[in-house]
Amino acid sequence: MPLCQSLERLSRRALLVDPEGPILDWGRQNLRLATDEAERAWFARAWWGYHAIRTVRAALVEGRIKEVMDLVEPMDTSHLDRALAGGRGVVLAGAHLGPYPVGRQIFSRLGCGALLLQSHPGLEAPGIKTLTLSREEDRKKSLAACFLHLRRSGVVMIAADGRWGQHFQPYPFLNGSCEMSHGTAQLARMAKAPTLWFFILWDIPSRRIRVIFEDSGLDPERGAENWNDAWIETYLRRLEEIMVQTPENLTFAGGFWNSGQNSGLRYSDSTSTMQGQR
C-alpha cells in the first residue's frame with residue numbers, strides 16, 4: 001500500500017480506537033485533559049502519531065526513500081543559512097519527537113556537512129557523518145570531535161533529550177521532571193556556536209512532514225554564569241509547547257521516553273497495551 005494511503009487509513013482508524021492504556025495515562029498525568037471529548041480528540045492524534053512514525057520507519061527500512069521524502073514539505077533553511085554565514089558552525093538541537101528518523105535523509109539532501117550524534121547505528125544516508133556513542137570511550141571523545149567539526153564551520157546535530165551525556169540532573173518538565181545532560185549546552189558555549197532548534201514534525205491536517213529550523217535566542221557570546229541551566233530550560237520549554245499543542249508528535253520512543261517516569265511507554269513494550277487495542 002502506498003505510504004500516503006497507509007497514513008490516511010491510520011487517521012480513520014484512530015477515530016475509532018477507545019482511549020486507554022499507557023498513552024492515555026501519560027496524557028492524563030502530564031496534560032490534565034479537561035473533558036472526555038478533549039481526551040478522545042487528544043488520544044486520537046497521539047495514537048495516530050505513535051503508529052505513523054513506525055509506518056515511516058518501516059518504509060525507510062524497506063528502501064522506499066522517495067515515498068517518504070515526498071511527504072516532506074518545502075524547507076525554509078534561512079535560519080540555518082544565516083547561522084552558517086557567521087563562520088562558527090551551528091549546533092542543531094533536536095529531539096525524539098515527530099518522524100525524526102527522516103532526519104538523515106533530510107541532511108543528506110541539504111549538503112551542509114552535518115555530523116550526527118547517535119546512541120546506536122541507524123539507517124545510512126549519503127553525505128553525512130555519524131558519531132555513535134554506545135560505548136563509554138566514544139562518549140568521552142565526542143565533545144572534542146564535535147568541537148573540531150564546529151571550528152571547521154560544520155553543523156552538529158544532536159537530539160539533546162538523548163542519553164549520550166555523562167552527567168545528568170533533573171529539571172522541571174510538564175507536570176514532573178526530566179533528567180538532562182549538560183553536554184550539548186557546554187558544546188555550544190565552548191565553541192561559541194549558535195544554537196538552532198531543529199524539529200521534524202507532523203502536520204496533522206495534511207499528514208505531511210514539516211522541517212523546522214528555529215533561532216533559539218541563545219547567544220554563547222553573552223551567556224550568563226548559569227548558561228547550562230538557561231540553555232536546557234529554554235530547550236525544554238520549546239519541547240513542552242510541541243508536546244502539548246501537537247500530540248501527534250509524541251513518539252514514545254528514544255531519548256527521554258526511555259528513562260524515568262516515561263519508561264513504560266517505550267515502543268518495545270507490549271503492543272496490545274501500548275497501542276490501545278484489545
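In µm²/s, what is D for segment 174-230 at 20 °C and 1.002 mPa s, where D = kT/(6 pi eta Rh) by Stokes-Einstein and Rh is the Kirkwood radius from Cα pairs? Show your work: numbers first, answer last.
Details: Rh = 13.6 Å.
Roughly 158 µm²/s, to the nearest whole number.
Given the Cα-Cα distance of residue 29 and residue 144 and 0.36 nm per residue of separation, how much length would full extension add, in nm? Present the calculation step by step, with values, prior to reporting the outcome.
Numbers: separation 115, 0.36 × 115 = 41.40 nm, distance 3.97 nm.
So the chain would gain 37.4 nm between residue 29 and residue 144.
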Quick one: helix 36-61 against the long Cα principal axis of the chain, what's the angle to the nearest 10°, folded into 0 to 90? 60
Virtual spin-label span in nm between residue 38 and residue 130, 7 Å along Cα→Cβ: 4.1
Provide the descending list of Cα extents for segment 1-144 along its principal axes, expressed in whole angstroms. 51, 35, 33
On a C-alpha basis, how far is the centre of segment 88-133 from the centre of segment 186-204 in Å? Whole number, if you could? 12
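Between residue 169 and residue 15, what length comes free when the chain is fully extended (0.36 nm per residue of separation minus the Cα-Cα distance, one decimal in nm)? Provide the component values of the computation, followed by the final result.
Numbers: separation 154, 0.36 × 154 = 55.44 nm, distance 3.88 nm.
Full-extension gain reported as 51.6 nm.
In whole percent, what relative contact order does the chain give with Cα contacts below 8 Å and a gap of six or more residues?
Values: 461 pairs, mean separation 71.4, N = 278.
Relative contact order of the chain: 26 percent.
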Given Cβ charges of +1 for Lys and Arg and -1 for Asp and Glu, the option among 130, 236, 182 whose Cα lies farthest towards the positive end of the dipole of segment 73-245 is 130
Within the chain: Cβ-based charge dipole about Cα centre, in debye rounded to nearest 20 (Lys, Arg +1; Asp, Glu -1): 740
7 Å from Cα along Cα→Cβ at both residue 55 and residue 8: what's the point-to-point distance in nm? 1.1
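Every number here is computed from the coordinates shown, using simple stated rules; none is lab data. Model, not experiment: these values are computed from the prediction. Neighbour counts are summed over all protein chains in view; Cβ atoms, including those assigned to glycine, are modelled from backbone coordinates with ideal geometry.
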